[in-house]
Amino acid sequence: MPIPASYLHLETKGQVIAYLYARQSRDPLGRSRSTEDQVSDGRDTCAKLCWTVDRVFKDAGASATRFRRKERDDFEALLEALPTAQATVLVAPDASRMYRDLAEYVRLRDALEASGVLLCYGGMVFDMANKDDRRITAQDAVAAEDEGESIRARNLRTARRSLEQGAPRGAVPFGHRRRYDPDTGELIGQEPDPTQGPLLIRMFEMVDSGVSLYRVAIWLEDQGESARHRSGIAWDASRVRVVMINPSHIGIRHSKGQLIGKAAWEAVVPEELYHRVVAKLRDPSRRMQRDSRVKHLLSRIGRCGECGALLKAKKAPQRDRSVPYYECAGLRDTALPEAWLDAYVEEALFSWLRKPAAAKALTPDRTAVAEGCAAAQKRLAAYELQLTQARELSQQFTKEGEPLLSAVSLSGVEQTLLPLIAAERDVIAGSQEEAPTAIKELLEAPDPETVWEWLKLDQKREVIRTVVNVHLHKASRRGVRGIEPGRIRLTFIGEPGFTPRPSTRRDPGRRGVDGPSRVRRSAPSLHPVPKR
Ligand SMILES: [Zn+2]
C-alpha cells in the first residue's frame, strides 16, 4: 500500500535522494502553473522532508496529451536516466502532470519498477513493485488520460471557435508576428512585426509608385537578415508578389484562396494602399514584368505620331548618330535622340505639375468616376450577354444540320465585341485606380525637379505613363536640327484627347493597338509613308 511521504525516511533508513519532474500544460480548471513554480514547490516539499534533490526534469510549454508526445523531451530523458539512477524517489506535482496517457504511464511504471525508484505525488509514495500501488497509480493514470482527452476536445472546440472569431492560424505572414502567453504558451493574437512590418509597408509604397517587383526583390535582398523570408529562399519578383497579395495584411482571413472574413488581428498595411497595389499586381498584363530591366525613360511609353506604334530605344550607333535614340517600332518612320526627347518631356512635365490643372486632373471627382464606372459595367454586361448568345446560337443547329449562326458570322461578332469588352474593362479598372504615391509627392513638392531626381527610373516611367501621352512626329524635312514646333505632341491627363494609361498590354481583343509592329523595313524610312 502507498505510504505517506513523511514516513519514507523510516522505510529507507537513510538519506533520500529525489528526482523532480515538472510539466507545463494548459489546465482545464485554470490551475496552470509554470514549471518554475512546480519545481520550487517540489524543492520546498523535499526540504521539509529532508530529501536531497539530485536532478530536475521539466517539460515547459508543451501540452502533454497523447497527441503531442514528441514535445516532451525531458520525460524521455527521465526514462533514460532511471535505470542507472541513484535516486530513491521521483517527485511529481500530481498524476495528471506526470502522464496523461496510459502508454506513458506503463513505460514509467516499468522503468520505476526495474530501477526500484519510488514515485511520490499528492503527498503519497508508491512502490511500483507493489500490486496495490500499481492499481492505484493505474487508476490515477486512467483518470488523467480522461482529463487529457477532454482537454483535446476542448482545444478542438476552441480552434473552431477561434476560426469563427478570426484568430490567426497557419504560417505567420511576412510582416506579422504572433503573440503568445509566456506561461501557458496560448496564442493571444497577431500583430505587426516591429522589423518586418515597416518593410512590408515600404514594399507596397514602392510598387505603388511604379517600382517593379524585380527591384523590390533586389531591395529586400539588400535588407539582409531582417527581411529574410521564412522559407530562407532568396527573394524574386514572383515571391514578392505572392507575399504582397496576402489579404492577411489588411486583417482579412483567408483559407485556400477563399476570403473568410474579418480577422481578429490588426491590419499591417493601410487598406487603401493594399487594394490599389493588389489591383495592379492582379492585372494579368503586368505579370510579364516587361519593365523589370528598362533603362530608358520613354521606351514603349512614347508613341509614333505618324503610325501610332510604340517608340523603342536603340543603342546601335549609326554613322552620324553616335547617341542613343528613340525610334518608331512600327514603320520606323520617326526617330529622335533619346536625351532630347527625355529632356523635352521632363521640362513639360515640371511646368504642367505646377499648374492647378494638374492637381485637378489627378484628384478625380469621385462621383463622376463612380457614375462612369457604373455605366461601363452596364455596357460590359450587355456586350457579354450578346457574345454569349451568339456563341450559343453557333452551337445550335437546324433540322438540316446548319448552325443557327455560322462560324464566319460568329467570328465577325467576336471581332466587334471583344475590343468593346476589353475597352469597358479598362474603364472599370481605371476607375478603381488612384494616383501612385510618386505623383502625389511630385504634386505636393514646391519644386518637382528635386523629387524627380530622387525617383527611380521605374517610378518616373510610371508617372509619365499615368499623366501624359507622348507622340513623336516626323520632321518637316530631313536634316532638321533641334526640335521643330509640333514635332513632339504632349497630351496631359485631363486634356482633350488624352488616352489613359497607354500601357504595353497586348491582350487578344486589342491586337493592333501598337501599330503594325510586324512590318520590317531595312532602314529608317526615306519615303513618304501612307497615313493610316
Ligand atoms: Zn511610326
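The values are calculated or read from the model by the stated rules, or taken from the named source; none is laboratory data. Bear in mind the structure is a predicted one, so any value in this text is a computation, not a measurement. Here the Cβ positions follow ideal geometry from the backbone for every residue, glycine too, while neighbour counts run over all protein chains shown. Heads up: the accessible areas ignore ligands, DNA and RNA and are worked out on the full protein's heavy atoms, side chains in. Shrake-Rupley method; radii C 1.70, N 1.55, O 1.52, S 1.80 Å.
I'd like the accessible area for residue 241, computed on protein heavy atoms only with a 1.4 Å probe and all protein chains in place. Round to 10 Å², please.
40 Å²
Calculate, for region 322-473, the solvent-accessible area per residue in square angstrom, rolling a 1.4 angstrom probe over the heavy atoms of the protein chains.
Working: 7950 Å² over 152 residues.
Accessible area per residue: 52 Å².
Around residue 126, which amide H atoms from residues at least 5 apart in sequence, or from another chain, sit under 5 Å from its own amide H, with H modelled in the peptide plane?
Counting only residues 5 or more places away or on other chains, the set is 119, 120, 121.
Of the listed pairs 312/360; 280/360; 355/460, which have alpha-carbon separations greater than 21 Å here? Show your work: numbers first, answer last.
On the way: 312/360 31 Å; 280/360 23 Å; 355/460 19 Å.
In this structure, 312/360; 280/360 exceed 21 Å between Cα atoms.
Please report the net charge: other residues with Cβ closer than 13 Å to the Cβ of residue 111, K and R +1, D and E -1. Working shown, then result.
Numbers: positive: 107, 109; negative: 76, 80, 104, 110, 113.
With Lys, Arg at +1 and Asp, Glu at -1, the net is -3.
Beta carbons within 10 angstrom, averaged per residue: use that to sort the peptides 207-214, 421-428, highest first.
Numbers: 207-214: 23.5, 421-428: 17.5.
For the peptides 207-214, 421-428, the packing ranking is 207-214, 421-428.
Taking all protein chains in place and a 1.4 Å probe, what share, in percent, of the accessible surface of region 366-432 do carbon and sulfur account for?
On the way: 2620 of 4450 Å².
Ligands and nucleic acids excluded, carbon and sulfur reach 59 percent.
Would you mind getting me the FRET efficiency between residue 132 and residue 40? Use the beta-carbon distance for r and R0 = 25 Å, nearest 0.05. Present the calculation step by step, with values, prior to reporting the outcome.
On the way: r = 32 Å, r/R0 = 1.27.
Result of the calculation: an efficiency of 0.20.
Three principal axis extents, largest first, for the C-alpha atoms of region 366-432, in Å?
That works out to 55, 16, 11 Å along the principal axes.
Using the heavy atoms of the protein chains alone and a 1.4 angstrom probe, what is the accessible area of region 188-286 per residue in square angstrom? Provide the component values of the computation, followed by the final result.
Values: 4690 Å² over 99 residues.
In whole numbers, region 188-286 has 47 Å² accessible per residue.
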